[in-house]
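Q: Can you read through this structure? Questions will come right after.
The values are calculated or read from the model by the stated rules, or taken from the named source; none is laboratory data. Small disclaimer: the values here were computed from a predicted structure and weren't measured. As a convention, Cβ positions derive from the backbone with ideal geometry for all residues, glycine included, and neighbour counts pool all protein chains shown. For accessibility, only protein heavy atoms count, side chains too; no ligands or nucleic acids. Shrake-Rupley method; radii C 1.70, N 1.55, O 1.52, S 1.80 Å.
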Amino acid sequence: SFITKIRDEKIIFQLSVTSRKETSTKQFENINYQNFSFTDNHFDKNLIYSLESANCILISIPPQGGQDIVIKNFKEKLAYLKSKWITYLSATSVYGNHDGNWVDEKSDTNPTSTTGKDRLKAEHEWIKLYEKYDLPIQIFRLSGIYSGQYNVLSRLKSGQANIINKKNHFFSRIHVDDIGNVLFKSLKNLKKGEIYNISDDKPSSNEEVIMHGVKLLGIKKPQSLDIDDIQNQMLKNFYKDSKKVSNKKMKNFFKLNLKFPTYKEGLNYINNNSF
């Protein structure tokens, strides 16, 4: 969504990405790009040259084994980069549980999951790099991401969605198009060392979102599950945390009008365009 936005705005750019696969030249929506091989302990040496010449660097790789592998492998190189824009994508799991209360960027971070703890550790490392070398680093804490491909409607249709019985459980989400929009806006409006929650306007319960999906699809309400009956440990950890994530800082700083302010607009759009 971010790359498509840059292209649609008629901006000339050269794209390089990384993946665990072998280095190759690929194409995405008629955009030719270089894919460099990059794993925890191995990377294509040509990736260094690409980093050194990059104006903008987006880090979306989650920590591996408790470490940010970009910092692990390129810490010394990062200090001398000439980039004008470095964005690290974190997650709102760094806040942990706040018993359904609102959190903003100044709230306590007490992650309950291993992934949340690793994310917070990585955030601290990126902020240290900003403080030590005055690098143009910002951090985006993403809420639960959904898109035309990955959403509650597709899970309902495949029978993979359940209503989880847990009172006062709230979580926030963000459509991938709105992530792309705020990333694009930040290209021309970056403040070093800042952290932003990337979330929509309406934190909601699992049941509320699912019941809207049920109404759109005209299907029966799925079965309910107690939290102890969830088999997936990552999903079970997710339901330990309850919080409403404020997006006020993001909207005010980037002057952003969300394309999908709540799950209703997002799911309505997906239902009308993807099914």
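Q: For the stretch 255-275, what are the residues that are in a helix (DSSP H, G or I) and β-branched (Val, Ile, Thr)? If you could, list the steps in order and put the result at the bottom.
A: So in the stretch 255-275, the residues in a helix (DSSP H, G or I) come out as 263-273.
ILE270 - this is the single residue of the stretch 255-275 that is in a helix (DSSP H, G or I) and β-branched (Val, Ile, Thr).
Q: Can you pull out the residues in the stretch 1-48 that are of a type in the set (Val, Ile, Thr), touching an Asp or Glu at 6+ places or on another chain (Cβ under 9 Å) and more than 25 Å from GLY148 (Cα to Cα)?
A: Applying the first criterion (of a type in the set (Val, Ile, Thr)) to the stretch 1-48 yields 3-4, 6, 11-12, 17-18, 23, 25, 31, 39, 48.
Adding the requirement that they be touching an Asp or Glu at 6+ places or on another chain (Cβ under 9 Å) leaves 3-4, 18, 23.
Scanning the stretch 1-48 gives a single hit, THR23.
Q: While we're looking at this one, here's another question. Within the stretch 191-205, which residues are closer than 21 Å to ASN168 by Cβ and surrounded by 21 or more Cβ atoms within 10 Å (Cβ to Cβ)?
A: ASN197, SER199, ASP200, PRO203
The rows are residues; the columns are (1) over 26 Å from ASP228 (Cβ atoms); (2) basic (Lys, Arg); (3) open to solvent by 30 Å² or more (accessible area, probe 1.4 Å).
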site	(1), (2), (3)
LEU81	yes, no, no
ALA91	no, no, no
ASP99	no, no, yes
ASP104	yes, no, yes
ASP108	yes, no, yes
THR114	no, no, yes
LEU142	yes, no, no
LYS167	no, yes, yes
ASN189	yes, no, yes
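Q: For LEU235, indicate whether it is open to solvent by 30 Å² or more (accessible area, probe 1.4 Å), of a type outside the set (Asp, Glu) and closer than 19 Å to SER147 by Cα.
A: Yes; evaluated as a whole, the condition is true for this residue.
Q: Here's a follow-up. Filter the stretch 17-46 for residues that are open to solvent by less than 70 Å² (accessible area, probe 1.4 Å), over 21 Å from the mean Cα position of the chain (by Cα) and of a type in the set (Ser, Thr, Tyr) and give the result.
A: Within the stretch 17-46, THR23, SER24, TYR33, SER37 qualify.
Q: Starting from residues that are open to solvent by less than 20 Å² (accessible area, probe 1.4 Å) and closer than 20 Å to TYR133 by Cβ, keep the ones in the stretch 60-69 and report whichever is farthest from the chain's Cα centre (by Cα). So that I can check it myself, show each step before the final result.
A: Pass one, the stretch 60-69, residues open to solvent by less than 20 Å² (accessible area, probe 1.4 Å): 66, 68-69.
Cutting the leftovers down to closer than 20 Å to TYR133 by Cβ gives us 68-69.
Working: ASP68: 16, ILE69: 17 Å.
Within the stretch 60-69, the match that is farthest from the chain's Cα centre (by Cα) is ILE69.
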